[in-house]
Amino acid sequence: MVSITHLIGVILTVALLLAVSWLSGRNVKDSRSFTTGGNSGSWMVCGALLGTLAGGQSTIGTAQLAYCYGLSAWWFTIGAGLGSLVLGLFYAGPLRRSGCTTLLEVVSREYGHKAEAVGSILFLIGIFISIMSQVLSSSAMIGSLFGIPTLWASISSAVLIMLMVLYGGIRSASMGGIVKLILLYLCSLAAGIVVWHIAGGLTGLREGVDAVYQSPTLAQLNGLSDIESIHHRYGSPFARGFFKDMGGCLSLILGVVCTQSYAQCIWSAASTPKARRGAVLCALFMPIIGAACTLVGIYMRGHYVTSDELHAMQAAGETLPAGLGVIENSAQAFPAFILKYLPAWLGGLMLGTMLINILGCGSGLSLGAATILVRDVYSNMGRRMSRASLQLTQTRLSIVGILTAAVIATLVFHGAFINDLGFLSLGLRAVAILFPMCFALWQPGRFKPNLVLLSMPIGVAAMLLANFTSLPGDAVYYGLAASLLTILLGKKNSH
């Protein structure tokens, strides 16, 4: 039950971050400082990365997946952490030495403006899908907290995202990320400690899951036939299959490397060593957040059923066992835990922090998409603006337009799964530009531009085909293979 204390905690927490974002963005005067900053220290780089990575999927999505699949849910934040590590250790130096401000500019310098234009369109589609998932996440939370319709919840989410990034750009995201880092860790540790205490450790978590599946109807609904299958589902890190879970992790790693928002965090650093240290710090923090959310999800599986599961049990003549609660769907596992098991003041702080996580992720992605529009798309259409102040205006107007479109899209696809949108977005971004960007950085002059250009849509088409035809493994494997093979067909003969 949401109390007035919960609501006050949420409002105060959100207000704190908005104030930090506004104060940190007051000195932004031009488009370069807005989009890349240029003087951030290691902790600000870490804050910007974490502020964009720790969104709805890392918290609500991880708990939701743990509710359904146990330990394998941890791969999302592990993959995000590894992606940050790879970005910092292997890409920070080459990206900063390139002198570019977007990843597609790196591709364009080597393979021409056509490759940049095609990559821009595919890249924007991928980022836009992620922005949709953040608006969906935040609107669901706002709607449940304040009891407002989906339309107004979506509009409120978009407005909050605009306020977070519109006046501060990357510096706003960095400072907000540091504040969020502190709040998120306090809340995650609190949730993890509470779960461990009330469950009685790993043994208690396992016993809770075993008990809830004593219901034959629940076991059948979830495809579990005996105690061994239950233990495998919730205790194995590869519950969904080795190649499936590793494919998801790979999508996260490559998606981080190939996303403009995360590259901007690297460019925002005062030096390459500071960029690397910031990325390594983020890599250390992400899995810890995921561990806490995973514990919450497993605990809630042992103590709650969804509305659909309850209806199925009643239809089979079963009654809800004493001590079990009901949630509307598995996505509510984390919010329901906060409302039920944490003190109201801490629950309000945590709900506000989770909302901030989602809004911060949306703001970072929106900034990345707007930067691509201004630097890559508009310029290729012959609309380059010479004055930096006009470019800043263009970037800010683009953010408004992107989020307006996201609100419309979320109203149309409000029933979509948030995690499915996120994985599709990350994989699409990686397949579109990973190999063209890598070869441009480390193997310039070795491949024919026309085939590099073709590799982008071919790879994305192969990924989508694999996804919709349910081929074995993860769709990202097929997309990456098709992209690489197309590029290698155009390798130039060495003399």
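The values are calculated or read from the model by the stated rules, or taken from the named source; none is laboratory data. Since we're looking at a predicted model, the values are computed, not measured. Note: ideal-geometry Cβ built from the backbone for every residue, glycine included; neighbour counts use all protein chains shown.
Cβ-Cβ distances below 7 Å connect the following pairs, each with a first residue in the range 474-495 that is in a helix (DSSP H, G or I), a second residue that is modelled with pLDDT under 85, and a separation of six or more residues or different chains: 475/467; 478/471. Taken together, 408, 402 contain a single residue that is more than 20 Å from residue 252 (Cβ to Cβ), in a helix (DSSP H, G or I) and in contact (Cβ under 8 Å) with a residue 40 or more places away in the chain, which is 402. Checking each residue in the range 316-338 for being touching a residue at least 24 places away in the same chain (Cβ under 8 Å) and among the small types (Gly, Ala, Ser) picks out 316, 330, 331, 333, 336. Restricting 233, 240 to residues that are at pLDDT 90 or above and of a type in the set (Lys, Arg) narrows the list to 233.
Scanning the range 435-473 for residues that are touching a residue at least 12 places away in the same chain (Cβ under 8 Å) and part of a loop (DSSP other than H, G, I, E, B), which turns out farthest from residue 258 (Cα to Cα)? Per the criteria, the residue is 472.
Residue 257 meets all of the listed conditions (1) closer than 23 Å to residue 459 by Cα; (2) without any contact (Cβ under 8 Å) to a residue 40 or more places away in the chain but one, namely (2).
Take residue 240 and decide whether it is closer than 23 Å to residue 202 by Cβ, in contact (Cβ under 8 Å) with a residue 60 or more places away in the chain and not β-branched (Val, Ile, Thr). Here the answer is yes, as residue 240 does meet what is asked. Of the helices (runs of 4 or more DSSP H) that lie entirely inside the range 1-117, those containing 3 or more residues that are modelled with pLDDT of 85 or more and more than 30 Å from residue 440 (Cα to Cα) span 4-24, 62-69. Number of residues in the range 121-151 that are more than 19 Å from residue 251 (Cα to Cα), modelled with pLDDT of 80 or more and surrounded by fewer than 24 Cβ atoms within 10 Å (Cβ to Cβ): the value is 2. The residue of the range 272-318 that is surrounded by the fewest Cβ atoms within 10 Å (Cβ to Cβ), among those that are of a type in the set (Ser, Thr, Tyr) and over 14 Å from residue 329 (Cα atoms), is 272. Within the range 254-305, being in contact with a helix residue (DSSP H, G or I) (Cβ under 6 Å, 6 or more places away or on another chain), over 24 Å from residue 182 (Cα atoms) and among the hydrophobic types (A, V, I, L, M, F, W, C) holds for 254, 257, 258, 298, 300.
Here the helices (runs of 4 or more DSSP H) wholly within the range 197-290 that include at least 1 residues being among the aromatic types (Phe, Trp, Tyr) are 227-235, 242-257, 260-267. Scanning the range 334-366 for residues that are within 24 Å of residue 262 (Cα to Cα) and in contact with a Pro (Cβ under 9 Å, 6 or more places away or on another chain) turns up just one, 354.
Of 95, 104, 87, all but one fail to be buried (at least 18 other Cβ atoms within 10 Å of the Cβ) and touching a Ser or Thr at 6+ places or on another chain (Cβ under 7 Å); the exception is 104.
Within the range 171-213, track down each residue that is of a type outside the set (Gly, Ala, Ser), at pLDDT below 85 and in contact with a strand residue (DSSP E or B) (Cβ under 8 Å, 6 or more places away or on another chain). The answer is 171, and nothing else.
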